[in-house]
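A short worksheet on the structure shown next.
The values are calculated or read from the model by the stated rules, or taken from the named source; none is laboratory data. The structure presented is a predicted model; accordingly, all values stated were derived computationally and were not measured. Heads up, the Cβs are rebuilt from the backbone with ideal geometry, glycines too, and the neighbour counts pull from every protein chain shown. These accessible areas exclude ligands, DNA and RNA; they are computed on the full protein's heavy atoms, side chains included. Shrake-Rupley method; radii C 1.70, N 1.55, O 1.52, S 1.80 Å.
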Amino acid sequence: KENILMKAALVLISALILLIQTKPTFAIGGPFSSWEKAGDMMLVMTPAYALGLSIMAHDYSGALQLGESVLVSQIAGEGIKALNIEERPNKKDKKSFPSGHAVGAFSSAMYVHKRYGIRYAITPYVMSTFVSYARVKTRAHYWHDCIAGATLSALFTWVLVGKYIPENVEIAANTNSVHLGFNTQF
């Protein structure tokens, strides 16, 4: 029971980190365009997809890696934004570079890619691209801001996330050979 509670706590912590980083405007209300709302909904759905995939695979260490990679990527992105490098296309402020929305969405998509493979990552990559398109369409960012956000998240995700190996698969290697085995209980 302690193991299950620990896993549940790790998943909850990861989910909270993901929710905090999304800052969804559609939940706040106000004068937001349909593009902003749709982009923010995709921003929430991308980490939810990644977290759901981890939970379905009973991959609780992966869920923790997701939270860690998103959080570290977001902190780095916000740190760069604080340098006030570039004015937004809508002239609102000088925090255009890099796109924090792109960082959040692409770090989730890249987590899925690195952890589970490209086949599972197509959907979150499409959602992340839509998030970036919405940010450009609403004049909150330029395309290079979104590309920088995706690149930043790729760097941290590729360093912090490991490939998923199910518990019933054993891999052993030495200088002469590699052995792959499967454990199954009936």
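A few remarks follow.
- Condition check for Arg115 on (1) touching a residue at least 60 places away in the same chain (Cβ under 8 Å); (2) open to solvent by less than 10 Å² (accessible area, probe 1.4 Å): one failure, at (2).
- Any hit, the stretch 86-96, residues being closer than 21 Å to Ala50 by Cα and open to solvent by less than 20 Å² (accessible area, probe 1.4 Å): no
- Count of residues meeting criterion [of a type in the set (D, E, K, R) and modelled with pLDDT of 95 or more] in the stretch 146-186: 0
- Residue, nearest to Ser153 (Cα to Cα), within the stretch 38-85, restricted to residues that are open to solvent by less than 40 Å² (accessible area, probe 1.4 Å) and not in a helix (DSSP H, G or I): Asp59
- Restricting the stretch 118-163 to residues that are open to solvent by 20 Å² or more (accessible area, probe 1.4 Å) and among the polar types (S, T, N, Q), the residue that is farthest from Val44 (Cα to Cα): Thr151
- The condition of being crowded, with 17+ Cβ neighbours inside 10 Å and not basic (Lys, Arg) holds for His101.
- For the stretch 23-35, the count of residues that are at pLDDT below 85, surrounded by 13 or more Cβ atoms within 10 Å (Cβ to Cβ), under 20 Å from Met127 (Cα atoms) and in contact with a Leu (Cβ under 8 Å, 6 or more places away or on another chain) is nonzero.
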